1. From the set of residues in segment 9-56 that are under 15 Å from residue 76 (Cα atoms) and in contact with a strand residue (DSSP E or B) (Cβ under 7 Å, 6 or more places away or on another chain), which is surrounded by the most Cβ atoms within 10 Å (Cβ to Cβ)?
2. Given the conditions (1) assigned to a loop (DSSP other than H, G, I, E, B); (2) at pLDDT 95 or above, and given that residue 80 satisfies all but one, which numbered condition is not satisfied?
3. Select from segment 51-66 the residues that are part of a loop (DSSP other than H, G, I, E, B) and modelled with pLDDT under 95 and list them in ascending order.
């Protein structure tokens, strides 16, 4: 999933806009060296966000930030498929 926009916020959080959801903002927060989805400001103009989409958001963000080594160590790690 392609990142269209990334901006740093308070307390280490980062806000992303992704290609498949251009009208929704995804806020990610750091935990144990990697970033996870904390909140989504969802827009009705985008389709509903699924669990699979959340995993793709996390994977793309952690790749962009260079934290995939920490992300791979989490308990529920799976590389999201491109479905």
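1. Residue satisfying both the conditions and the ranking: 35.
2. Of (1) assigned to a loop (DSSP other than H, G, I, E, B); (2) at pLDDT 95 or above, only one is false for residue 80: (2).
3. Correct list: empty.
The values are calculated or read from the model by the stated rules, or taken from the named source; none is laboratory data. The structure displayed is predicted, hence computed values, not measured ones. Virtual Cβ from ideal backbone geometry, glycine too; neighbours counted across all protein chains shown.
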